[in-house]
Amino acid sequence: MERGKNESFSAIQLAKFVIPSILGVLLLMTPLVIDGRQTVLVSIMSKATNVFINDIVPIPLLVVVFLTISTLFALLCKSLVPSFIIKGDIGKKSSTYPGFGPLQGV
């Protein structure tokens, strides 16, 4: 849908565009100098998160746990085919491409 040249945007529409744009510029493009090295804020946040998570549980173990849980639930849903998947909107809205929905080939 195209907008006309004379059509204006509401304050809410403008805010929905401007606020994330400003946050993106601050996080990804604003250089900071820390300990004599240039970096960006998202890098600092990433390192802090990594240290915090690694203090609780090693990250490779966390990845294995998430993959295992995800695989078990996928196998469970594939074998039992819960009614909320069949009757609900999950299967209808999951994919715009034919053949890629969660119930294809069941």
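Among the residues of the range 35-52, write down those that are part of a helix (DSSP H, G or I) and surrounded by fewer than 10 Cβ atoms within 10 Å (Cβ to Cβ). Of everything in the range 35-52, those that are part of a helix (DSSP H, G or I) and surrounded by fewer than 10 Cβ atoms within 10 Å (Cβ to Cβ) turn out to be V51, F52. The set of residues in the range 56-102 that are of a type in the set (F, W, Y) and at pLDDT below 80 comprises F84, Y97, F100.
Exactly one residue out of L32, L27 is touching a residue at least 12 places away in the same chain (Cβ under 8 Å), surrounded by 10 or more Cβ atoms within 10 Å (Cβ to Cβ), assigned to a strand (DSSP E or B) and not aromatic (F, W, Y), and it is L32. All of (1) loosely packed, with under 10 Cβ neighbours inside 10 Å; (2) not in a helix (DSSP H, G or I) hold for D55 with one exception: (2). Evaluating I53 against the criteria (1) of a type in the set (V, I, T); (2) at pLDDT below 80; (3) closer than 30 Å to I22 by Cβ leaves one unmet condition, (2). I'd like the full set of residues that are polar (S, T, N, Q) and over 30 Å from L62 (Cα atoms), limited to the range 1-50. Listed by number, the residues that qualify are N6, S8, S10, Q13, S21, T30, Q38.
The values are calculated or read from the model by the stated rules, or taken from the named source; none is laboratory data. This is a predicted model, so every value here is computed, not measured. In this analysis, Cβ positions are derived from the backbone assuming ideal geometry, glycine residues included, and neighbour counts consider all displayed protein chains.
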